[in-house]
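Student: The structure under discussion is supplied below as C-alpha coordinates; questions concerning it will follow.
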Amino acid sequence: MKKKLFIAIQVSLVLLSSCTKSGSGTYGYNNNTGSNSTSNTVSIANMAFNPSSTSVNKGTTVTWTNNDNMSHTVTADDNSFTSGNLSKGDTYSHTFTTAGTFAYHCKIHTGMTGQVAVK
Ligand SMILES: [Cu+2]
(Lines give C-alpha, C1' and ligand atoms only; values in the text may rest on other atoms or scores of the structure.)
Protein backbone atom coordinates (compact mmCIF):
# COMPACT_ATOMS: atom_id res chain seq x y z
CA MET A 1 0.00 0.00 0.00
CA LYS A 2 2.68 2.46 0.99
CA LYS A 3 4.80 1.54 -2.01
CA LYS A 4 1.98 2.14 -4.50
CA LEU A 5 1.44 5.65 -3.17
CA PHE A 6 5.14 6.36 -3.50
CA ILE A 7 5.14 5.30 -7.14
CA ALA A 8 2.11 7.48 -7.83
CA ILE A 9 3.93 10.49 -6.42
CA GLN A 10 7.01 9.70 -8.50
CA VAL A 11 4.91 9.52 -11.68
CA SER A 12 3.17 12.79 -11.03
CA LEU A 13 6.53 14.46 -10.33
CA VAL A 14 7.82 13.27 -13.69
CA LEU A 15 4.68 14.59 -15.39
CA LEU A 16 5.07 17.91 -13.63
CA SER A 17 8.68 18.31 -14.65
CA SER A 18 7.97 17.45 -18.27
CA CYS A 19 5.20 20.03 -18.29
CA THR A 20 7.57 22.69 -17.05
CA LYS A 21 10.17 21.76 -19.61
CA SER A 22 7.80 22.17 -22.55
CA GLY A 23 7.40 25.82 -21.64
CA SER A 24 11.03 26.67 -22.19
CA GLY A 25 12.76 27.34 -25.47
CA THR A 26 10.79 30.44 -26.38
CA TYR A 27 13.46 32.85 -25.20
CA GLY A 28 15.48 33.00 -28.42
CA TYR A 29 13.18 35.55 -30.06
CA ASN A 30 15.09 38.70 -30.88
CA ASN A 31 13.20 41.74 -32.07
CA ASN A 32 16.23 43.94 -32.37
CA THR A 33 17.70 43.65 -35.83
CA GLY A 34 19.04 47.17 -35.55
CA SER A 35 22.43 47.99 -34.27
CA ASN A 36 24.81 45.39 -35.65
CA SER A 37 23.53 45.08 -39.16
CA THR A 38 25.84 45.37 -42.14
CA SER A 39 23.06 44.81 -44.62
CA ASN A 40 22.87 47.00 -47.71
CA THR A 41 19.18 46.23 -48.11
CA VAL A 42 16.53 47.75 -45.89
CA SER A 43 12.93 46.62 -45.80
CA ILE A 44 10.14 49.05 -45.00
CA ALA A 45 7.28 47.23 -43.29
CA ASN A 46 4.86 47.84 -40.44
CA MET A 47 5.76 51.53 -40.39
CA ALA A 48 9.42 50.83 -39.69
CA PHE A 49 12.79 50.53 -41.41
CA ASN A 50 14.32 47.12 -40.88
CA PRO A 51 17.15 47.10 -40.02
CA SER A 52 16.76 50.59 -38.64
CA SER A 53 20.52 50.97 -38.36
CA THR A 54 23.08 49.51 -40.70
CA SER A 55 26.81 49.92 -41.18
CA VAL A 56 28.35 49.77 -44.67
CA ASN A 57 31.64 50.53 -46.37
CA LYS A 58 32.16 53.70 -48.36
CA GLY A 59 30.92 53.28 -51.92
CA THR A 60 28.10 50.90 -50.98
CA THR A 61 24.72 51.25 -52.59
CA VAL A 62 21.90 50.76 -50.08
CA THR A 63 18.52 49.72 -51.43
CA TRP A 64 15.25 50.24 -49.58
CA THR A 65 12.15 48.26 -50.55
CA ASN A 66 8.71 49.32 -49.46
CA ASN A 67 6.95 46.14 -48.35
CA ASP A 68 4.25 48.06 -46.52
CA ASN A 69 0.68 48.68 -47.61
CA MET A 70 1.14 52.45 -47.56
CA SER A 71 3.48 54.97 -49.12
CA HIS A 72 6.73 55.94 -47.42
CA THR A 73 9.78 57.98 -48.24
CA VAL A 74 13.47 57.58 -47.45
CA THR A 75 14.61 61.12 -46.74
CA ALA A 76 17.94 62.16 -45.24
CA ASP A 77 17.57 64.37 -42.18
CA ASP A 78 19.94 66.83 -43.87
CA ASN A 79 18.02 66.45 -47.17
CA SER A 80 21.13 65.18 -48.96
CA PHE A 81 18.95 62.50 -50.55
CA THR A 82 15.28 61.65 -50.77
CA SER A 83 13.31 58.94 -52.50
CA GLY A 84 10.02 60.68 -53.10
CA ASN A 85 6.92 58.63 -52.36
CA LEU A 86 7.47 54.88 -52.55
CA SER A 87 4.37 52.76 -53.07
CA LYS A 88 4.20 49.11 -52.11
CA GLY A 89 6.85 47.19 -54.04
CA ASP A 90 8.86 50.28 -55.00
CA THR A 91 12.58 50.42 -54.33
CA TYR A 92 14.99 53.29 -53.84
CA SER A 93 18.79 53.10 -53.96
CA HIS A 94 21.41 55.53 -52.76
CA THR A 95 25.19 55.17 -52.99
CA PHE A 96 27.10 56.46 -49.97
CA THR A 97 30.39 57.94 -51.13
CA THR A 98 31.50 59.70 -47.95
CA ALA A 99 32.08 58.36 -44.48
CA GLY A 100 29.81 59.44 -41.68
CA THR A 101 26.49 58.62 -40.08
CA PHE A 102 23.47 59.48 -42.16
CA ALA A 103 20.17 59.69 -40.35
CA TYR A 104 17.00 59.47 -42.38
CA HIS A 105 13.27 59.38 -41.85
CA CYS A 106 9.97 59.01 -43.64
CA LYS A 107 8.53 62.39 -44.65
CA ILE A 108 4.99 61.11 -44.27
CA HIS A 109 5.47 59.42 -40.90
CA THR A 110 8.15 61.41 -39.12
CA GLY A 111 8.34 58.86 -36.32
CA MET A 112 9.87 56.39 -38.77
CA THR A 113 13.62 56.83 -38.55
CA GLY A 114 16.76 54.99 -39.52
CA GLN A 115 20.44 55.50 -40.06
CA VAL A 116 23.28 54.34 -42.25
CA ALA A 117 26.79 54.43 -40.82
CA VAL A 118 29.39 54.64 -43.59
CA LYS A 119 32.99 53.78 -42.82
CU1 LIG B 1 6.12 56.43 -43.93
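Student: Solvent-accessible area per residue for the range 67-119 at a 1.4 Å probe radius, Å²? Can you show the working numbers first?
Tutor: On the way: 2800 Å² over 53 residues.
I get 53 Å² per residue for the range 67-119.
Student: A further question on this structure: Could you give the length gained on full extension between Asn85 and Ser39, defined as 0.36 nm per residue of separation minus the Cα-Cα distance, in nm?
Tutor: Details: separation 46, 0.36 × 46 = 16.56 nm, distance 2.26 nm.
Gain on stretching Asn85 to Ser39: 14.3 nm.
Student: At 7 Å along the Cα-to-beta-carbon direction for both Asn46 and Thr95, put a label point, then send me their distance in nm to one decimal.
Tutor: It is 3.4 nm.
Student: Counting only other residues whose beta carbon sits under 10 Å from that of Thr65, what net charge do I get with K and R as +1, D and E as -1?
Tutor: Values: positive: Lys88; negative: Asp68, Asp90.
Neighbourhood net charge equals -1.
Student: Just to be sure I understand the model, the point goes 7 Å from the Cα along the line to the Cβ. What's the resulting Thr61 to Ala103 distance in nm?
Tutor: Taking the simple label geometry, Thr61 and Ala103 are separated by 2.9 nm.
The values are calculated or read from the model by the stated rules, or taken from the named source; none is laboratory data. Quantities reported herein were computed from a predicted structural model and do not represent experimental measurements. Don't worry about glycine lacking a Cβ; one is built from the backbone with ideal geometry, like all the others, and counts go over all protein chains shown. Note: accessible area is taken over every heavy atom of the protein model, side chains too, but ligands, DNA and RNA are not part of it. Shrake-Rupley method; radii C 1.70, N 1.55, O 1.52, S 1.80 Å.
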